[in-house]
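Scroll down for the structure; my scribbles are underneath it.
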Amino acid sequence: MSSRRSRSRQSGSSRISEDQLLDLVTKLQQLLPELRNSRRADKQVPAAKVLQETCNYIRSLHREVDDLSERLSGLLETTDSAQAALIRSLLNYN
Amino acid sequence: MSATTEQLERNFTHRFLTSLRRINSPDSKTTTTHAAGLVIRRRSLRIKRAAYSSMARAAGSHRAWTRALLSRARSQRRRQQHDVHRRRQGREMGRAGKLRGLVPGGSRMEMGQLLEETAHYVQCLAVQVRVMQAVADHFSSSSSM
């Protein structure tokens with residue numbers, strides 16, 4: 001994907017066009033589990049709805065990171081040298 | 001999964017596991033005067049920060065959100081607590097305000113950049129969660145053997 005700088009050098013317009021905005025909103029829509037598979041996927045979901053769902057999705061992902069961090073912390077608590085060996089082997093796999 | 005996503009996942013996994021190993025090493029553990037619950041809570045915060053930093057590094061510095069996240073992490077380590085929303089530009093869509101608060105660096109972005117950065121951020125977050133889940137499942141199943 002080409003990196004589009006929003007700062008312009010020549011013309012006065014630093015905003016991107018409505019069409020480009022709508023394209024980006026559609027692209028975002030495709031990433032959201034709630035909207036991607038809905039039967040309205042072929043229709044244009046209102047931008048406000050896409051942004052709302054995006055916020056919900058990001059918040060739920062943040063919560064999952066919180067929960068998984070706590071879970072991992074508890075699991076590491078029980079770790080011993082065998083677990084350390086596991087981590088090493090996982091690193092070697094890469 | 002696309003080739004780039006696979007590469008991102010591998011890159012993140014490697015960094016994250018390295019961080020976990022460092023967090024779990026005996027020298028980094030706090031003294032035993034702390035209650036077990038506190039140790040676990042503190043470690044979970046370190047794990048969380050390591051996860052976000054590992055993903056930001058794996059994703060690359062050409063993205064504004066990764067730079068914002070890593071610079072926020074650096075300033076937090078120096079115990080500065082500012083979450084200032086500066087110069088909010090482009091208020092075409094009302095909901096964008098909340099989104100700006102959720103995406104690192106979002107408060108400084110034009111609308112178009114915000115949407116692009118959000119798309120990338122969301123994809124990376126999904127990978128991060130997937131890997132953390134896999135690592136946790138792996139440790140769970142091992143300890144129950």
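The values are calculated or read from the model by the stated rules, or taken from the named source; none is laboratory data. What you are looking at is a predicted structure, and each value in this text was computed from that prediction instead of being measured. Because the Cβ atoms are built from the backbone with ideal geometry, glycine has one as well, and the counts that use them run over all protein chains shown.
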Could you please let me know if residue B:61 is modelled with pLDDT under 80 and among the polar types (S, T, N, Q)? no
All but one of (1) more than 12 Å from chain A (Cβ to nearest Cβ); (2) farther than 30 Å from residue B:111 by Cβ; (3) at pLDDT 90 or above hold for residue B:77, so report the exception by its number. (3)
Return the only residue of B:35, B:56 being surrounded by fewer than 17 Cβ atoms within 10 Å (Cβ to Cβ) and among the small types (Gly, Ala, Ser). B:35
Considering only the range A:41-61, state which residues are basic (Lys, Arg) and either at pLDDT 95 or above or assigned to a helix (DSSP H, G or I) (or both). A:49, A:59
